[in-house]
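Participant: This is the structure I have questions about; it appears just below.
Values quoted throughout were computed directly from the atomic coordinates according to the rules given, and no laboratory measurement underlies them. As the structure is a computational prediction, the values presented were derived from the model and not from experiment.
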Amino acid sequence: MTTSATPGTGPTENSMRRALKRARDGVALDVDEAAVLLQARGTALDDLTASAARVRDVGLQAAG
């Protein structure tokens, strides 16, 4: 998967949107999606941290 139109410019909006949706849905991410999410800023970062918190909380509940 190509994550940016031009090397060094960061991920495309589409690749960020897709990776955030997969994180939000609790789907396993591949290496390219994880690399895209490492560049999340602003509202994308807020979305990512909210998704991470939900995944963490589900894991804690499952562990007892």
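Participant: Please report the relative contact order for the chain, taking Cα pairs under 8 Å with a sequence separation of at least 6, and give it as a percent rounded to a whole number.
Facilitator: On the way: 46 pairs, mean separation 18.5, N = 64.
About 29 percent, as a whole number.
Participant: Nearest 10 degrees is fine. How inclined is helix 42-63 to the longest principal axis of the chain, computing both from alpha carbons?
Facilitator: 30
Participant: So, one more: Given 10 Å bins starting at zero, what is the percent of C-alpha pairs of region 13-63 in each, up to the one with the largest pair distance?
Facilitator: Percent of Cα pairs in each bin: 27, 55, 17, 1.
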